[in-house]
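Chemist: Structure in structure tokens, see below.
No lab work stands behind these numbers, since they all come straight from the coordinates. Computed from a predicted structure; not experimentally measured. Here Cβ is always computed from backbone atoms with ideal geometry, including for glycine, and neighbour counts include all displayed protein chains.
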Amino acid sequence: MFVVYVLVVCVCSALSHTCAKVVLRNGMPTYRFLAVRIVAGTVASAILYWAMLKPGEPHVFQTPGPFLPAIWLGILVPFGSNVFYFEALRRGDLCIVAPAGSIAPLFVALLAWPVLHEIPDAAVGISLVLIVAGLILSARSRHHHHPTAGAWMVLPILLASGTSVCNSFNYVFQKKLLHDLPKADINLVQNIVSLILFGIYFLWEMRANRRERHGTEQHPWRNVGLTIISGVLVFALSNLLFLMAIAKAPTVSIVMVLATLTVPASALAGWVLLHERPRAIQLAGGGIITIGAAIAKLAG
């Protein structure tokens, strides 16, 4: 069942990123986009929290102590990972940013070994080699808006890699929390922490940009609507389904390996909805990622 959860997460993430790319391409400031997105996601996750509330379980409003680790995880995800990712997405195509933001399985496999005592087997090792190779191929592309900039867009790749590091720490330590705590509570706590941080970030950017001229944003109300959809898809639906997948899966590593299917899903969404046509080498990279994920699933 955890495989279905991960596949739905991949589809939700790809659609969310596509909405985000449209919004950023229309000129919506990153700080405003992030603020609207997290507000929408937090409200949606609160609704899911109340819908899934079970009186017999420990809850954050009754015993907040066990949920304290979720506070620093909220600093990493959604806040840290999203700041890195969408600053990268503003500067690069979706088919470039998505691969660099998806190398978390490599870090997860290394971190889960000492923290969760999940020793990676040969199948996971082979999967990781294939996935990294596929990500490298997927990231090799001419920039959509600046075709003379060269084949490797270094800054977007570095920024998106920061997302992978944040996600790796988040999911490994979430696995420890899920043994004793409800998933909806963890998701809500992380979103509330990120909401506070995004609020500070928003006020800081507003102050820093108060003298700048605005008015270059196209379709502002459509941007708000797409941003709300993006936030609900990721912060409410994807995060909760991902936690459910981690709780049911034998290891967190196999979940992260399967989650790399977000890369070909994002490339497909970018192709169909954004007209970012992938090159043959990127299609080959997506195919290799899919093969690596399939090996991990069959072996697991």
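Chemist: Quickly estimate the mean residue ellipticity at 222 nm for the chain, helices only: each DSSP H run with n ≥ 4 gives -39500 (n - 2.57), and the total goes over all residues, rounded to 500.
Modeler: -23500 deg cm²/dmol
Chemist: Arranged by the count of other C-beta atoms within 10 angstrom, fewest first, what order do T63, T290 take?
Modeler: Ordered by Cβ neighbours within 10 Å, fewest first: T63, T290.
Chemist: Continuing with the same structure: Compute for the chain: radius of gyration divided by Kirkwood radius, i.e. Rg/Rh, restricted to C-alpha atoms, rounded to two decimals.
Modeler: Expressed as Rg/Rh, it is 0.96.
Chemist: Not counting the cut sites, what is the longest span of the chain without trypsin sites (Lys or Arg not before Pro) that DSSP labels loop and that have at most 11 other Cβ atoms within 10 Å?
Modeler: 1-209
Chemist: Now for a separate question. May I ask you to compute the full-extension gain from I291 to M1, defined as 0.36 nm times their residue separation minus their alpha-carbon distance, rounded to one decimal in nm?
Modeler: Extra length available between I291 and M1 comes to 102.4 nm.
Chemist: Here's another thing I want to ask about it. Would you mind telling me which residue in L68, L128, L94 has the biggest mean-square fluctuation in a Gaussian network model of the chain, where springs connect alpha carbons within a distance under 10 angstrom?
Modeler: Of L68, L128, L94, the most mobile in the Gaussian network model is L68.
Chemist: Around E276, which amide H atoms from residues at least 5 apart in sequence, or from another chain, sit under 5 Å from its own amide H, with H modelled in the peptide plane?
Modeler: It is W271, by chain and number.
Chemist: For every other residue with a beta carbon closer than 13 angstrom to the beta carbon of G65, add +1 if it is Lys or Arg and -1 if Asp or Glu, then tell me the sum.
Modeler: Cβ neighbours under 13 Å give a net charge of -2.
Chemist: Enumerate lysine pairs in the range 2-299 that are 8 or more residues apart or on different chains, then count those whose Cα atoms are under 23 Å apart.
Modeler: Final tally of qualifying lysine pairs is 11.
Chemist: Further, regarding this structure: Taking the simple approach of a point 7 Å from Cα along Cα-to-Cβ for both I200 and V272, what is their distance in nm?
Modeler: About 4.0 nm, to one decimal.
Chemist: Most fluctuating residue of N209, N187, N223 in a GNM of the chain with Cα springs under 10 Å: which is it?
Modeler: Sorting by GNM fluctuation, first place goes to N209.
Chemist: Using a 10 angstrom cutoff on alpha carbons, build the Gaussian network for the chain and name the most mobile of V224, V234, V108.
Modeler: Result for the chain, Cα springs under 10 Å: V224 fluctuates most.
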